[in-house]
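The values are calculated or read from the model by the stated rules, or taken from the named source; none is laboratory data. Keep in mind the model is a prediction, meaning the values are calculated, not measured. Quick reminder, even Gly has a Cβ in these numbers, built from the backbone with ideal geometry, and neighbours come from all protein chains shown.
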Amino acid sequence: MTKFGSVLLVGLCLLVSNAQSQVLKTYYESGNLKSEITYKKGKKNGIEKYYWSTGRIQSTYTYRANVPVGICQGFHEYGGLASQTPYIKGKKNGLRKEF
């Protein structure tokens, strides 16, 4: 594959409509899913997920109107829970837990 083709494939994004929400998906060069980000009216709204190149989940965030809320979680490459960070109205609230 040419360098241009590789860059094009890595940068490939797919927008999937779901009512008024859209999910932006990006992919690794291998074709595995890299991220899924939900947007509503142009702002992050819902679950944002990132994946390791192996396909396992790397991290999850919840957004409301572009603001992180709830517990953001990070995962080890082997799949176990690595961290939890609480957010309220876009600000870290409390201690980050690491496992």
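Entry remark, the range 27-39: residues being free of Cβ contacts under 8 Å to residues at least 24 places away in the same chain and assigned to a strand (DSSP E or B) number 7 in total.
The sole residue among Y87, Y63 that is touching a Pro at 6+ places or on another chain (Cβ under 8 Å) and modelled with pLDDT of 95 or more is Y87. Looking across the range 54-66, the residues that are polar (S, T, N, Q) and more than 12 Å from G79 (Cα to Cα) come down to T60, T62, N66. Which residue is modelled with the highest pLDDT, if the candidates are limited to the range 1-40 and must be under 22 Å from P68 (Cβ atoms) and over 17 Å from the mean Cα position of the chain (by Cα)? Applying the filter and picking the extreme gives Q20. Within the range 43-99, the set of residues being part of a strand (DSSP E or B) and basic (K, R) comprises K43, K44, K49, R64, K91, K92, K97.
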